[in-house]
Amino acid sequence: MEKIDYSKRSFAYYPTNAIVIAKYENGAWGKPEISSDFMLSVHCFAGAFHYAPECFEGLKVYRGADNKVRMFRPDENAKRMISSATYLDMGYPDEEMFIEMCKMCVRANWEFIPPYESGASLYLRPVLFGMNPQLGIRSAKDVTFIVMSSPVGTYSGAKALMPGTAVLSRNYDRAATYGSGYYKLGANYAQSLHAYNIARKQGYRELLFLDTATHTHIEEFGSSNFFGIKGNSYITPDSDSVLPSITNKSLRHVAADMGLTVEMRKVYVEELAEMDEVNACGTAVVITPICKIDDKPTLESTEITKCYHIGDPENCGPISRKLYDAIVGMQKGLLPDKYGWCMILEEK
Ligand SMILES: Cc1ncc(COP(=O)(O)O)c(C=O)c1O
């Protein structure tokens, strides 16, 4: 097999050995099977192709400095998938089945768990979609659940903790006030693709969405949650249309333990001017510092109404770095797992 240079990987697909697949038909789950065939045979009338009864998850598996392999908070991903599937009114794997299939996937792809020194990890992508043929607008009756994996590096391909830029999305919304933003549905991401493409073509690393009702306060980035540091406070938006990030939840816990005041509340756009540090946070982006945010009348416009400069453009802010070291330290076995968030996996 070709030797993979894991240190050069970004967040992109890389083929591995196998996926784990299970089907829920006529009200019952079949046995999860490991398959080296990545091509699916799916009915073209399956709801997933038409009305998007589909949700997914993302979690990482890390090889530690001690060579142990750790999966981070898979129970939280299982719970979030159950909440997404419940919103879509379709069947779902219970927590035990979800975690067992993740473990099966890791074992089947063990040689793709990157070495500790590379800084890369094995990303797991559990996907659940409606598979029964249908024409009417109905929730899926039968579903397929697949856990797949890919070794990944940093989200942007840049060095970890290297600050990037973002732009506010004033004329494209991601998730409506009473919509589905709280759930991890593929449909939410479809909503963001066009705007994301415009922002990326202009060289921005991230796109920051606002609340759809008033466009006055911050919701989240296209790929991740938002948090800012102001003085001794960790500030993150409280919104029913933002994905409840497991990374953000963990960071809030760590921040409180470090003696920071955790504020989960409405964050007005103008507050960006007072922030000492701003970051995107999530499984894929980990903590990514944002050093400049442009506000424009529209994404397409060349006019910049306001430009927020936050912190040092070359370096991650000191408090964000402490949070990064704390969380990554636990994931990579450099620090004690004092909250019991890591599940240690064995090859067999
Ligand atoms: C839109 C969005 N928000 C937030 C997150 C972060 O969630 P988590 O920390 O659970 O990965 C993600 C995924 O990583 C995301 O896609």
(request) Take the Cβ-Cβ distance between Thr305 and Arg125 as r, set R0 to 22 Å, and report the resulting FRET efficiency rounded to the nearest 0.05. (result) 0.05
(request) Estimate the FRET efficiency between Leu335 and Glu111 by the formula 1/(1 + (r/R0)^6), using the beta-carbon distance for r and 22 Å for R0, to the nearest 0.05. (result) 0.25
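Rank by packing, highest mean first: peptides 104-113, 337-346, with packing defined as the count of other Cβ atoms within 10 Å averaged across residues. Can you show the working numbers first?
Details: 104-113: 19.1, 337-346: 14.2.
By packing density, highest mean first, the sequence is 104-113, 337-346.
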(request) Any chance you could run the full-extension gain for Glu33 through Glu314? It's 0.36 nm times the residue separation minus the Cα-Cα distance, nm to one decimal. (result) 96.5 nm
(request) Determine the relative contact order of region 6-152: mean sequence separation of Cα pairs under 8 Å and six or more apart, normalised by residue count, in whole percent. (result) 38
(request) Evaluate the charge dipole of region 214-348 about its Cα centre and quote only its size in Debye, nearest 20, assuming +1 on the Cβ of each Lys and Arg and -1 on the Cβ of each Asp and Glu. (result) 400
(message) Report, in listed order, any pair from Lys31/Lys348; Lys8/Lys348; Lys79/Lys348 with a Cα-Cα distance greater than 22 Å.
(response) Lys8/Lys348; Lys79/Lys348
(request) Quote the convex hull volume per residue of the chain, based on C-alpha atoms, as a whole number of Å³. (result) 139
(message) Given axes a ≥ b ≥ c from the Cα gyration tensor, I'd like to know whether region 101-179 is rounded (a/c under 1.5), prolate (a/b larger than b/c) or oblate.
(response) oblate
(message) With a 1.4 Å probe and all protein chains left in place, how much accessible area per residue does the chain have, in Å²?
(response) 45
(message) How far apart, in nanometres, would the label points at Leu193 and Met264 be if each is projected 7 angstrom from Cα along the Cα-to-Cβ direction?
(response) 3.2
(request) Only Lys, Arg, Asp and Glu count, each charged at its Cβ (+1, +1, -1, -1), so figure out the dipole size of region 186-252 about its Cα centre, rounded to 20 debye. (result) 300
(request) Check each of the trypsin sites (Lys or Arg not before Pro) in region 114-172 and keep only those in coil by DSSP with at most 14 other C-beta atoms within 10 angstrom; list them in order. (result) Arg138, Lys159
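As an exercise, identify the trypsin sites (Lys or Arg not before Pro) in region 1-44 lying in DSSP coil whose Cβ has no more than 12 other Cβ atoms within 10 Å.
In loop regions of region 1-44 (DSSP not H, G, I, E or B), the sparsely surrounded trypsin sites (Lys or Arg not before Pro) are Lys3.
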(message) Which one, Thr302, Thr144, Thr165, has the greatest fluctuation when you compute a Gaussian network model over the chain with C-alpha springs under 10 angstrom?
(response) Thr302
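Output the relative contact order of the chain, whole-number percent, from Cα pairs under 8 angstrom with separation of 6+ residues. Intermediate values should be presented prior to the final figure.
Numbers: 779 pairs, mean separation 68.6, N = 348.
This gives 20 percent for the chain.
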(request) Count neighbours as other Cβ atoms within 10 Å of each site's Cβ, and list the chymotrypsin sites (Phe, Trp or Tyr not before Pro) in region 120-180 that are DSSP loop with at most 11 such neighbours. (result) Tyr178
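Run the dipole for the chain about the Cα centre, Lys and Arg Cβ at +1, Asp and Glu Cβ at -1, nothing else charged, and hand back the magnitude in debye, nearest 20.
480
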(request) Towards the positive end of the charge dipole of region 54-132, with charges on Cβ (+1 Lys, Arg; -1 Asp, Glu), say which of Gly130, Asn67, Ala78 has the farthest Cα. (result) Asn67
(request) Quick one: grab the alpha carbon gyration tensor of region 6-152, order the square roots of its eigenvalues as a ≥ b ≥ c, and give me rounded if a/c is under 1.5, else prolate or oblate depending on whether a/b is larger than b/c. (result) prolate
(request) In whole Å, largest first, what are the principal axis extents of the Cα atoms in region 164-331? (result) 41, 32, 26
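The values are calculated or read from the model by the stated rules, or taken from the named source; none is laboratory data. Keep in mind the model is a prediction, meaning the values are calculated, not measured. Heads up, the Cβs are rebuilt from the backbone with ideal geometry, glycines too, and the neighbour counts pull from every protein chain shown. Each accessible area value is taken on the protein alone, full model and side chains, heavy atoms only, with ligands, DNA and RNA left out. Shrake-Rupley method; radii C 1.70, N 1.55, O 1.52, S 1.80 Å.
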